[in-house]
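Here is the structure we will look at.
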Amino acid sequence: DAGVTQSPTHLIKTRGQQVTLRCSPKSGHDTVSWYQQALGQGPQFIFQYYEEEERQRGNFPDRFSGHQFPNYSSELNVNALLLGDSALYLCASSPVAQGGYTFGSGTRLTVV
Amino acid sequence: RKEVEQDPGPFNVPEGATVAFNCTYSNSASQSFFWYRQDCRKEPKLLMSVYSSGNEDGRFTAQLNRASQYISLLIRDSKLSDSATYLCVVNRGGGTSYGKLTFGQGTILTVHP
């Protein structure tokens, strides 16, 4: 049973560029959440998707956007990258009815 | 003030020691509480949920004091493999299936021989 799969694992981008990160949830999970973890900090909630809609959003600018597809997979898009966007981006999936997040191993984004 | 606050440590303890981590949260509407463990450059993994009655899982004991908005984790008989960052996590919604998880900064534990 595959867990949460994220791609790519590592990414280097230049300031001002745009990036798309991908997440496939664990089998049976229909809710996907994205988190940003800067070095030495705990993960910060970006947003959550359920039934292809953004259900909740954390304190992140509109440069951060997302999408959920009918197969429950999800994308995180970040426009106009800043140096401060360098972080580990974690995807977590859960089944709405039963609870229990499973985290993917993350995408490490470096903005230079 | 951060919504979830932890002492970042680091805590350096010898094998076999007992170590305790504390955490406070500011939102009294929080409903669910957890401790996650994160190894270096890995994803967070659920260590245990925390209940008002207190709960134990082997060498690990978690406590919740809703009145004081305080959460604790006690590790007995520390092992080298316990070395990791321990994250205190709060969820406003019931369970972890909905609502955002709010993480503390994490407490670094190093267990040495």
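The values are calculated or read from the model by the stated rules, or taken from the named source; none is laboratory data. Treat the numbers as computed from the prediction; the structure is a model and nothing was measured. Here the Cβ positions follow ideal geometry from the backbone for every residue, glycine too, while neighbour counts run over all protein chains shown. When the accessible area is computed, the model is the full protein with side chains, heavy atoms only, and any ligands, DNA or RNA have been set aside. Shrake-Rupley method; radii C 1.70, N 1.55, O 1.52, S 1.80 Å.
Values for this structure:
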{"read-out": "Which listed residue, of A:Y35, A:Y50, A:Y101, is within 10 Å of another protein chain (Cβ to nearest Cβ), farther than 23 Å from A:T9 by Cβ and aromatic (F, W, Y)", "value": "A:Y50"}
{"read-out": "Considering residues of region A:10-31 that are hydroxyl-bearing (S, T, Y) and assigned to a loop (DSSP other than H, G, I, E, B) only, the residue least open to solvent (accessible area, probe 1.4 Å)", "value": "A:T14"}
{"read-out": "Selection status of A:S65, open to solvent by less than 20 Å² (accessible area, probe 1.4 Å) and part of a strand (DSSP E or B)", "value": "no"}
{"read-out": "Among the residues listed as B:D82, B:D39, B:D7, the single one being open to solvent by 40 Å² or more (accessible area, probe 1.4 Å) and at pLDDT 90 or above", "value": "B:D39"}
{"read-out": "Within region A:38-47, considering residues that are part of a loop (DSSP other than H, G, I, E, B) and buried (at least 20 other Cβ atoms within 10 Å of the Cβ), the one farthest from the other protein chains (Cβ to nearest Cβ)", "value": "A:P43"}
{"read-out": "Check on A:L88, crowded, with 19+ Cβ neighbours inside 10 Å and part of a strand (DSSP E or B)", "value": "yes"}
{"read-out": "In region B:49-67, residue most open to solvent (accessible area, probe 1.4 Å) [restricted to those that are in a strand (DSSP E or B) and closer than 14 Å to B:V90 by Cβ]", "value": "B:N65"}
{"read-out": "Filter result (polar (S, T, N, Q) and within 14 Å of chain B (Cβ to nearest Cβ)) within region A:56-98", "value": "A:Q56, A:N59, A:S93, A:S94, A:Q98"}
{"read-out": "Enumeration of residues in region B:1-34 that are among the hydrophobic types (A, V, I, L, M, F, W, C) and either touching a Ser or Thr at 6+ places or on another chain (Cβ under 8 Å) or closer than 10 Å to B:T107 by Cα (or both)", "value": "B:V4, B:F11, B:V13, B:A17, B:V19, B:A20, B:F21, B:C23, B:F33, B:F34"}
{"read-out": "Qualifying residue in region A:100-111 (condition: of a type in the set (A, V, I, L, M), open to solvent by 50 Å² or more (accessible area, probe 1.4 Å) and at pLDDT 95 or above)", "value": "no"}
{"read-out": "Residue within region A:5-13 that is touching a helix residue (DSSP H, G or I) at 6+ places or on another chain (Cβ under 9 Å), in contact (Cβ under 8 Å) with a residue 60 or more places away in the chain and away from chain B (no Cβ under 11 Å) present", "value": "yes"}
